[in-house]
Amino acid sequence: MKKNNRKNTNYSFDIKLKAVKMYLIEGIGSPTIAKELGLSSNKRVLLWVKRYNEFGEDGLKERRGTTRWLQKGRPRKRELSLKEENQRLKAEVEFLKKLLILEREWLANLIYLELCT
């Protein structure tokens, strides 16, 4: 039976971006890039390219430890600090501003369509 000696390696944003640019711009193959940059696998390069194509540079940034939803998981046992509460409220205000803009645009389009008919 073969032992798995694989070690989880975290690659920096700069390495990921360099690998993606080598693949997309310079046209170098993923095995060559993996070998040149000392990556564990050429599939890693292809995954980064896929994420880059879908999400841009944000797709290459570390996502672990960040929550996507405000109420993810169990309820908090402790109250938020003032700083955390302030951050949450600021994010909520920004979200509501964007929602208001979208609603106004939608209403303007609706009125325009009614005037055209």
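What follows is calculated from the coordinates using simple rules that are stated; it is not laboratory data. Note that the structure is predicted; figures quoted are calculated from it, not measured. Backbone-built Cβ (ideal geometry, glycine too); neighbour counts: all protein chains shown.
Taking a Cβ cut-off of under 12 Å around L99, the surrounding Lys, Arg, Asp and Glu residues balance to a net charge of -1, with basic ones at +1 and acidic ones at -1. Can you give the FRET efficiency to the nearest 0.05 for I15 and A108, using r as the Cβ-Cβ distance and R₀ = 30 Å? It comes out at approximately 0.05. Distance cut-off 28 Å, Cα to Cα: go down the list K61/K97; K50/K97; K61/K90; K50/K77; K35/K61 and report the pairs above it. Beyond 28 Å: K50/K97; K50/K77.
Our coupling estimate for the range 18-24, obtained by passing each phi through the Karplus curve with A = 6.51, B = -1.76, C = 1.60 and θ = phi - 60°, is 4, 5, 5, 5, 4, 6, 7 Hz, Gly and Pro reported as x.
Other residues whose C-beta falls under 13 angstrom from the C-beta of V49 contribute a net charge of +4, scoring Lys and Arg +1 and Asp and Glu -1. In a fully extended conformation the segment linking R88 and E36 would gain 14.4 nm over its present Cα-Cα distance, using 0.36 nm per residue. Ordering E114, E92 from the fewest to the most neighbouring beta carbons within 10 Å gives E114, E92.
Within the shell of other residues whose beta carbon sits under 9 angstrom from the beta carbon of A34, the net charge comes to +2, with Lys and Arg scored +1 and Asp and Glu -1.
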